[in-house]
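Report on the structure given below.
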Amino acid sequence: MKTNETEKSSIQSMLDKKYRDGRAGRGEKIIPVLLFLMAAVSVATTIGIVLTLIIETFSFFKQIPITEFFTETEWYPFSETQATYGILPLIVGTLKITLIAGVTAIPIGLAVAIYLSEYASRRVTKVMKPVLEVLAGVPTIVYGFFALTFVTPLIRSLFPSVEMFNAISPGIVVGIMIIPTVVSLSVDALSSVPTAVRQGSLALGATKWETTWRVAIPAALSGIIASIVLALSRAIGETMIVSIAAGSTPTASLELTSSLQTMTSYIVQVTGGDAGYGTTIYYSIYAVGFTLFLFTLFMNMLAQRISKRFREAY
Amino acid sequence: MALAVVERRVDNPVEQPSVERPVVYNTSGCNLWYGDHHALKNINLEMREKEVTAIIGPSGCGKSTYIKTLNRMIDLVPNVRTSGTIEYRGRDIFSKEFRVEELRTRVGMVFQKPNPFPKSIFENVAFSLRIHGIKNKKLVHERVEKSLRQAAIWDEVKDRLHENAYGLSGGQQQRLCIARSLALEPDVLLMDEPTSALDPVSTLKVEELVHELKEKYSIIIVTHNMQQAARISDKTAFFLNGEVVEYDTTDKIFNRPSDSRTEDYISGRFG
């Protein structure tokens, strides 16, 4: 036995030492605990936020009946004589902005995605991708005054009937803001379609466009739809651009050329100091925030469901 | 135009005398470069109608490059240059007048790995018909069924035509891809190592299929499997380092090769 051990190579005897003194692998047990704690903190935070939102929303509904919140068609929280809290105008405002953003971002975003993944040379992609990433990195406040000081005057010079605050200008700019989301996720979806599948189509005498339109896009469709849903979810939650350029007039009218207010910009208005702590108006932002949360939660879950289906394709 | 493709075959007599069949592909003085790499060197080959021509050779010898040149799939590789001519039925495949899409409707291709579309089994086969504007439902159904029968997969899929092709096994997917390439009733079928990703049973099925298909189609098949070439082909071309070392009847290549390099390769001394 003794002779055997002396015959062992020096590396083997070092390994012996390592495993005999019982220190080996001690850290392995702590690491998952630490990682779990970090994960738990973020989960707990999320739960905390949602709980706060729900509790304060309940306080609001103690003062204002939930039926009024959902059935009343006017939102006049600041009225001295008769404040009304009907969420509809804020939802309409939000949806108007989202609609215009979608109409702007979906065609452009998809065209760019198809171009980048199917047609562009590597050189062009090398230039265009970083530019789009810059677009995604522009602070939304900058987009906001771009809407107010550039896009709005431009629209007003073409269509003088458009008011200073309107849905079109911030809608378009929110659309520009979400283009990178549409592009990058759609490009991912399209590039996950195997080249071999495209070759199968080309080898049957299909042209490049026929291959793109009838093979690549259908194969990537769920990923593309998920990208659109996710982008629209960002548009719904967008705050700065609409606060700056859409105005602060809650209205359920479908008019696009006049001032409006979205759920987010109402919250900004109140938190900006228009109402004191504990007032009905103060609690109303939680109710509005919770409604907004339900919207984006629904959209995100929808996007996730759709993109899960798409992952199963290959 | 696509209907013309369908009709054209009807005019072709199915049986022909076995000697000196008409030339399908005539390659003369063909060179190909990937950037600076000279991948095909002065290729001269004549391939004839309703014969199985096997292309064998070690990895990197240019056999895949050559077969991809025949339907110009090689165009998809950046920085490719060619010289010399390849004529398909007397038409220069590189000429501007011969649209690459038309060439590929006359010449079908089966790839190394099965590459069905993420669509139903039916739509996989119907795809090329739809692309080329064949809208007649009855005709589409007929062609789909006939192609699947020709590819010896009809019995396995006839009850699940509308299920996704990705649910098929690898061997079934490959036969589906063969059916897909037959839907337009092409003249020539190019097969680029069609069994290299398949298990032995599926390989055997595809080989039997090649044997049946040569009644109607001219087949050019690349294979790294020499026994396969010996089993299924009428003529064999041996490629080495981008050159055709020897091209003759399969019988001669495998039994009485005239070049010592061919003999070394087929007897397993290298490759």
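Worth pointing out:
- Separation of alpha-carbon centers, segment A:105-162 and segment B:201-271, rounded to whole Å: 57 Å
- Placing R0 at 22 angstrom, the Cβ-Cβ distance between B:A197 and A:S192 gives a FRET efficiency of 0.60 after rounding to 0.05.
- Interchain or long-range residues, amide H under 5 Å from B:V110's placed H: B:L190, B:M191, B:D192
- At R0 = 60 Å, FRET efficiency that the Cβ-Cβ distance of B:V23 and A:L256 yields, to 0.05: 0.30
- Degrees separating the helix A:122-137 axis from the principal Cα axis of chain A, which is the longest one: 60 degrees
- Between B:N44 and B:K158, the C-beta separation translates, for a Förster distance of 60 Å, into a calculated FRET efficiency of about 0.85.
- Full-extension gain in nm, A:M164 to A:L302, via 0.36 nm per residue minus C-alpha separation: 46.1 nm
- Between A:K126 and A:V50, the modelled labels are 4.6 nm apart [label points 7 Å from Cα along Cα→Cβ].
- Options B:F239, B:Y25, A:L260, ranked by Cα towards positive dipole end of the protein assembly as shown, top entry (Cβ charges): B:F239
- In this rough spin-label picture, where each label sits 7 Å from Cα along the Cβ direction, the B:V100-A:V103 distance is 4.0 nm.
- Residues whose amide H lies under 5 Å from that of B:V245, counting only those 5 or more places away or on a different chain, are B:F238, B:F239, B:L240; hydrogens are built 1.01 Å from N in the peptide plane.
- For segment B:163-173, Karplus couplings with θ = phi - 60° (6.51, -1.76, 1.60), whole Hz, Gly/Pro x: 8, 5, 5, 5, x, 7, 6, x, x, 5, 4
- Gain upon complete extension [A:R20, A:F58; 0.36 nm per residue less C-alpha separation]: 7.6 nm
- 0 to 90° range, to nearest 10: angle between helix B:2-11 axis and chain B longest Cα axis: 70 degrees
- Positive-end residue, segment A:84-311 charge dipole about Cα centroid, Cβ charges, pick of A:L158, A:T249, A:M177: A:M177
- Linear extension gain, A:F145 paired with A:E133, 0.36 nm per residue minus alpha-carbon span: 2.3 nm
- Across segment A:183-189, rounded Karplus estimates of 3J(HN,Hα) from the backbone phi angles (6.51 cos²θ - 1.76 cosθ + 1.60, θ = phi - 60°) give 4, 5, 6, 5, 4, 4, 5 Hz, Gly and Pro being marked x.
- Using C-alpha pairs under 8 Å with a sequence gap of at least 6, the mean separation divided by the residue count of segment A:84-311 gives a relative contact order of 31 percent.
- In this simple spin-label model, placing a label point 7 Å from the Cα along the Cα-to-Cβ direction at both A:A83 and A:K29 gives a separation of 5.8 nm.
- Only helical runs count toward this figure. For the protein assembly as shown, summing -39,500 (n - 2.57) over DSSP H runs of n ≥ 4 and dividing by all residues gives -17000 deg cm²/dmol at 222 nm.
- Tilt relative to chain B, helix B:121-131 - C-alpha long axis, 0 to 90 degrees, to 10: 80 degrees
- Among A:S233, B:H38, B:S181 the positive-end extreme of the charge dipole of the protein assembly as shown (Cβ point charges): B:H38
- Under Karplus coefficients 6.51, -1.76 and 1.60, residue-wise ³J(HN,Hα) of segment B:139-154 in Hz, glycine/proline x: 4, 4, 4, 4, 5, 4, 4, 4, 5, 5, 5, 4, 8, 6, 10, 4
- Amide H contacts under 5 Å for A:T257: A:A167, restricted to partners 5 or more places along the chain or on a different chain, H placed in the peptide plane at 1.01 Å from N.
- All alpha carbon pair distances within the protein assembly as shown were sorted into 20 Å bins beginning at 0; the resulting P(r) in whole percents reads 16, 34, 25, 20, 4, 0.
- Considering only beta bridges that DSSP places wholly inside the protein assembly as shown, some 60 percent are antiparallel.
Bear in mind these aren't lab numbers, they're just calculated from the coordinates by the rules spelled out. Everything quoted here is computed from the prediction, not taken from an experiment. All Cβ positions, even for glycine, are placed from backbone atoms using ideal geometry, and neighbour counts span all protein chains on display.
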